[in-house]
Every structure is written in structure tokens, then in C-alpha cells.
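The values are calculated or read from the model by the stated rules, or taken from the named source; none is laboratory data. Because the structure is predicted, anything quoted here is derived from the model rather than measured. Every residue, glycine among them, receives a Cβ derived from its backbone with ideal geometry; neighbour counts consider all protein chains shown.
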Amino acid sequence: MPAQTQVQLEQFVQQIYGKLDQLTYYEILGVPSGASVADIRAAFYRMSHDLHPDRYHRIDNRDLRDRLETIYARMCEGYRVLTTPERRVAYTRILTEGKKRLSTMDRDSRGPQNPEDTIKHEEAKKFFRLGMISLGSKDWKGAAMNFNFAKSFEPNAAIIKQKLAEAQAGLPKPPGPGGGPPPK
């Protein structure tokens, strides 16, 4: 753990940075592999207090700051993986394969966490996001319109079709037979 002086920080960064890709998340955070979430959290916050890049923004040595940011980012990555039960299980599995980092390819393939990730076309994504915002505020007409625009760019996207149907279900029924009371 780096101490207060820049010289000590430089020594720490040089020591860790060179072997960062060879360290497990446990080693980076300084906890045993069987550590509890509470122990991992405590270690992360302790290290974060000492290593957060914002504490060293005035250091003139840009290379030192960049390396510190890389170390801190890997610490955060380790913290997120080790404190999320599903990711920790996946990480334990890949450790047996000799890997040190959990990539998105190593996680269980349960599909994307964000439904928008299944949409490939950028314009479709943009309109899907707008539709989701409208859906969230129960603006059924706006949601349906935006999901229809998204569908025009990516007609086979299941998530767009699903959300469009959800928005259309919220629209008021037209008057007349089967759609509400007849007009007066």
C-alpha cells in the first residue's frame, strides 16, 4: 500500500503495474480467496482511500498518474466481480483455467444484461431508448411512435416488438364496435 510521499507512491505503482496482468483480483485487493463480501468491501475501501486517482491529480508525472488510474480501474473491476455472486462463481471457474481477469465472454451466457444490447443499428437503439423513456412516463403514444421508428431500422428485433406491443396495450381503445362505447 502506498504511503504519503510521491516517492513511495512511485515505488508502489512501479511494483504493482508491472505484474498487474499476473495478479488475481484477490491478490490485487489483498484478500484471501475465501474472503467474505464484507472483507472484500473493507479492503477495497481501504485501498481506494489511498489510491484513488483524484488524490493525485496534481502530480506532474503523467505516466505515473496513468499507471495509477490503470491499477485503480483493475481494483474496481475486481471489487465488482468479487462482490457479485454470479460473477464471483464465474471468476472462480476461470481461475482454474489459469485466467486472471473475468471478461464478458467468460460470464454465463444468459444473454445481454441490457435489452438494448441486442439491437445492432444505432438509429434503432436511439429510438428504442426514447421509447423506453416514454414507456417509463406512461406516454403510450410517444412510446409506440418511437418503438415503431426503431422497428423500421431493425424489423426483426424481438425486444423492439415486445416493447412496441407493451406500448400499444397502453393506448386507449378506439371508439366503436369492439373498441369501446359507440360514438354519440
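All but one of (1) surrounded by 16 or more Cβ atoms within 10 Å (Cβ to Cβ); (2) at pLDDT below 85; (3) within 30 Å of GLU27 (Cβ to Cβ) hold for THR104; which doesn't?
All conditions are met except number (1).
Hey, could you check segment 1-32 for residues that are without any contact (Cβ under 8 Å) to a residue 60 or more places away in the chain and polar (S, T, N, Q) and say which is nearest to THR92 (Cα to Cα)?
GLN15
Being modelled with pLDDT of 90 or more and either within 18 Å of the chain's Cα centre (by Cα) or closer than 16 Å to LEU23 by Cα (or both): is that true of ARG67 here?
yes
Among the residues of segment 114-137, how many are part of a loop (DSSP other than H, G, I, E, B) and at pLDDT below 90?
Number of matching residues: 4.
Of all the residues that make up segment 33-75, how many are touching a helix residue (DSSP H, G or I) at 6+ places or on another chain (Cβ under 8 Å) and either of a type outside the set (Lys, Arg) or touching a residue at least 60 places away in the same chain (Cβ under 8 Å) (or both)?
Result for segment 33-75: 22.
Show the residue pairs that are 6+ apart or on different chains and have beta-carbon atoms under 7 Å apart, the first residue being within segment 139-151 and assigned to a helix (DSSP H, G or I), the second being hydroxyl-bearing (Ser, Thr, Tyr).
Correct list of pairs: GLY142/SER134; ALA143/SER134; ASN146/SER134.
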